[in-house]
Amino acid sequence: MARANKKGVRAGAAVVASAAAVAATVWGVAVLVGPGGTAASQHNVARPGDDGRPGQQPQGIPQGIAHASESGGNAVNITIDDGPDPRWTPKVLDVLRRHDAKATFCMVGPQAKAHPDLVKKVVAAGHRLCDHTMNHDTAMDKKPVAYQEQQILDAKKLIEEAAGSGAKVEYYRAPGGAFTPDSRRIAAAHGMRPLGWNVDTKDFDKPGTAAIVNAVKREIGNGPTVLFHDGGGNRAQTVDALDQVLSWLEEQGRPTGFPVRTAPDSPDAPDASAAP
């Protein structure tokens, strides 16, 4: 989810069986409601002071925030945040299947625990998993290191347990771009490459299908990693826009791929997730 011009609140009660209760728990932290009860605008932007410069872990996972595609060339990385969601994730998966496209799903820990069937479907379809923390606390960069570690590693555990079959979480995306040197170090030390983005479609704000599509066409020159959402609310516009974007990419001869994990990122790529 994108960085907000609003503040995270404390997580709600533990996840319960119903999807509604699960959503209430997760989005008690992450979904912030503006005047009149509407969801406030969110912009996933990394915080000043964490420039994402690469470090190197013994197992070869750099601490630097990834944007480039491991496929190189003109490949595009589709990334999907805040799920899995029982209504919208299956629709996103269907669109990806019809276009023979791949994506990286950045999941919130309790959502993964509540919907292990969807996590398994994501993995079975050949997509990759990304850790998007436990509570989507967009202010976690202001919290103690122990809190950041708990948010990251507890979510990783829940996502991998839901996935089963030895599937691994390969990336970490900070909520609201709230990366810190410590959170990047913790993620890399546990095999997860910090993951940014170059194109913020603003789909979380539901600006209309055309606006989402036009954002991709306008900003894809910034770099290959595109941010969409399958959680946090009604994602009908996202589903329609993703379908149109993938058709457009096919016309442009641009395949989909996955972000780099062990390779250095392109030093020249503009980073929407690190904008001031």
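The values are calculated or read from the model by the stated rules, or taken from the named source; none is laboratory data. Just so we're clear, the structure is a prediction, and the values are computed from it rather than from any experiment. Positions of Cβ are generated from backbone atoms using ideal geometry, with glycine treated the same way; all protein chains shown enter the neighbour counts. With ligands, DNA and RNA removed, areas are computed over all heavy atoms of the protein, side chains included. Shrake-Rupley method; radii C 1.70, N 1.55, O 1.52, S 1.80 Å.
For region 90-136, the solvent-accessible area works out to 35 Å² per residue, with a probe of 1.4 Å and every protein chain left in place. Spin-label model, T262 to K143: label points 7 Å out along the Cα-to-beta-carbon direction sit 3.2 nm apart. Counted residue by residue at 0.36 nm each, then reduced by the alpha carbon distance between them, the extension gain from S165 to W248 reaches 26.4 nm.
Residue by residue, region 63-79 carries 3J(HN,Hα) couplings of 7, x, 6, 7, 9, 5, 8, 5, 7, x, x, 9, 5, 10, 9, 8, 10 Hz when phi is fed to the Karplus relation 6.51 cos²θ - 1.76 cosθ + 1.60 (θ = phi - 60°); x denotes Gly or Pro.
Give the ranking of K142, K120 by solvent-accessible surface, highest area first, calculated with a 1.4 Å probe.
Details: K142 150, K120 95 Å².
Of K142, K120, the descending order of accessible area is K142, K120.
Straight-line cross-link reach from K142 at under 20 Å between alpha-carbon atoms covers these aspartates and glutamates, not counting any fewer than eight positions away in the same chain: D50, D51, D131, D154, D182.
Among the listed pairs K121/K143; K91/K156; K102/K156; K113/K217; K120/K217, those whose Cα-Cα separation exceeds 27 Å are K121/K143; K113/K217; K120/K217.
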